[in-house]
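Structure, as structure tokens:
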Amino acid sequence: MIDLYYWTTPNGHKITMFLEETALPYRIVPVNISRGAQFEPAFLAISPNNRIPAIVDNAPAEGGAPVSLFESGAILLYLAQKSGKLLPRDTRGQVEVTQWLFWQMANLGPMAGQNHHFARYAPQKIPYAIERYVKETNRLYGVLNQRLKDRRYIAGDYSIADIACYPWIVPYETQGQRLEEFPHLERWFRSIRDRTATVRAYALAATVNTQDTVTEESKRVLFGQTAR
């Protein structure tokens, strides 16, 4: 059994999507980041960066003590290796998948995240910041669209690279993007959206977070932290 420490963010959705695809047994441990649950000592022992998702695998493949991980990309790699699914076994196939997984972690996620922050949550609307991140998000959509021009999925077969990217495209309207401008990306997006496992994962999210509201207090919790 895998304990998934989870909240309903793009990075959280990655892991539920994977687990629903592979049918690995898991249970959700909600971590309400708007209320500061990510700073509780028990969670910090698993995820020292105070971010979700994190997992504890109570039955690692080689046996022994439970294995805990934080960082969604590392979790996807671990679970793919554990299950033998959604990651090619040959070297070239693994390279194709992992480079696009890292692309999402280093590019699409951070840039779209800043897009969300300055467009939706910043106390002052800063035109330069909004334009900067909307344009960079647009550029990254273009990179992904070009990649998908001649293939169904990012690395050929459906993989953790697709699972990593998809949740960051879901809020495309909030990001100031139009999917019809990226026809290959749009086709890919709709095919993943309609997968049974994706539908289950997002339905589960609706049962975990029934309010999904951001208040001034939750903004302070989410965006007001320092090292202290």
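Testing residue 95 on (1) among the β-branched types (Val, Ile, Thr); (2) surrounded by fewer than 18 Cβ atoms within 10 Å (Cβ to Cβ); (3) outside the structural domain of residue 142 (by TED's automatic domain parsing), one condition comes back false. Which one is that?
Condition (3) is where residue 95 drops out.
Only one of (1) under 23 Å from residue 196 (Cα atoms); (2) in a helix (DSSP H, G or I) fails for residue 99. Which number is that?
(1)
Mind listing just one residue for me: the one in region 114-168 that is in a helix (DSSP H, G or I) and touching a Pro at 6+ places or on another chain (Cβ under 8 Å) and, of those, nearest to residue 79 (Cα to Cα)?
Within region 114-168, the subset in a helix (DSSP H, G or I) is 114-121, 127-150, 160-168.
Imposing the further condition that a residue be touching a Pro at 6+ places or on another chain (Cβ under 8 Å) reduces the set to 116, 145, 167-168.
Values: 116: 28, 145: 27, 167: 18, 168: 20 Å.
Within region 114-168, the match that is nearest to residue 79 (Cα to Cα) is 167.
Which condition number does residue 75 fail, the rest of (1) farther than 24 Å from residue 146 by Cβ; (2) in contact with a Ser or Thr (Cβ under 9 Å, 6 or more places away or on another chain); (3) surrounded by 18 or more Cβ atoms within 10 Å (Cβ to Cβ) being met?
In the conditions (1) farther than 24 Å from residue 146 by Cβ; (2) in contact with a Ser or Thr (Cβ under 9 Å, 6 or more places away or on another chain); (3) surrounded by 18 or more Cβ atoms within 10 Å (Cβ to Cβ), residue 75 misses (2) alone.
Does any residue of region 78-100 turn out to be under 14 Å from the mean Cα position of the chain (by Cα) and modelled with pLDDT of 95 or more? I'd like the intermediate steps shown before the answer.
Narrowing region 78-100 to residues under 14 Å from the mean Cα position of the chain (by Cα): 100.
Applying the additional criterion that residues be modelled with pLDDT of 95 or more yields 100.
Among the residues of region 78-100, at least one is under 14 Å from the mean Cα position of the chain (by Cα) and modelled with pLDDT of 95 or more, which makes the answer yes.
Looking at region 110-139, which of its residues are within 24 Å of residue 12 (Cα to Cα), of a type in the set (A, V, I, L, M) and more than 16 Å from the chain's Cα centre (by Cα)?
119, 122, 134
With respect to residue 198, determine if the residue is out of contact with any Gly (no Cβ under 7 Å at 6 or more places or on another chain) and over 20 Å from residue 20 (Cβ atoms).
Numbers: out of contact with any Gly (no Cβ under 7 Å at 6 or more places or on another chain): yes; over 20 Å from residue 20 (Cβ atoms): no.
Here the answer is no, as residue 198 does not meet what is asked.
Residues in region 122-141: is at least one touching a Phe, Trp or Tyr at 6+ places or on another chain (Cβ under 9 Å), within 30 Å of residue 81 (Cβ to Cβ) and surrounded by 15 or more Cβ atoms within 10 Å (Cβ to Cβ)?
So far as region 122-141 goes, yes, one or more of its residues are touching a Phe, Trp or Tyr at 6+ places or on another chain (Cβ under 9 Å), within 30 Å of residue 81 (Cβ to Cβ) and surrounded by 15 or more Cβ atoms within 10 Å (Cβ to Cβ).
For region 137-156, what are the residues that are of a type in the set (Gly, Ala, Ser) and farther than 15 Å from residue 96 by Cβ? Lay out the reasoning, then the answer.
Within region 137-156, the subset of a type in the set (Gly, Ala, Ser) is 142, 155-156.
The answer is 142, and nothing else.
Of all residues in region 10-31 being free of Cβ contacts under 8 Å to residues at least 60 places away in the same chain and under 22 Å from residue 214 (Cα atoms), which is farthest from the chain's Cα centre (by Cα)?
This residue is 29.
Can you tell me which residue is surrounded by the most Cβ atoms within 10 Å (Cβ to Cβ) among those in region 81-92 that are in a helix (DSSP H, G or I) and out of contact with any Ser or Thr (no Cβ under 8 Å at 6 or more places or on another chain)?
In the first step, residues of region 81-92 are kept if they are in a helix (DSSP H, G or I); the result is 81-83, 91-92.
Now restrict to residues that are out of contact with any Ser or Thr (no Cβ under 8 Å at 6 or more places or on another chain): 81-82, 91-92.
On the way: 81: 13, 82: 16, 91: 8, 92: 9.
Once the filter is applied, the top-ranked residue is 82.
Could you give me the residue pairs with C-beta distances under 7 Å whose first residue belongs to region 70-99 and is closer than 16 Å to residue 21 by Cβ, whose second residue is surrounded by fewer than 19 Cβ atoms within 10 Å (Cβ to Cβ) and at pLDDT below 95 wherever it lies, and which are 6+ apart or on separate chains?
Final answer for the pair search is 82/61.
The values are calculated or read from the model by the stated rules, or taken from the named source; none is laboratory data. What you are looking at is a predicted structure, and each value in this text was computed from that prediction instead of being measured. Cβ: placed from backbone, ideal geometry, glycine included. Neighbour counts: every protein chain shown.
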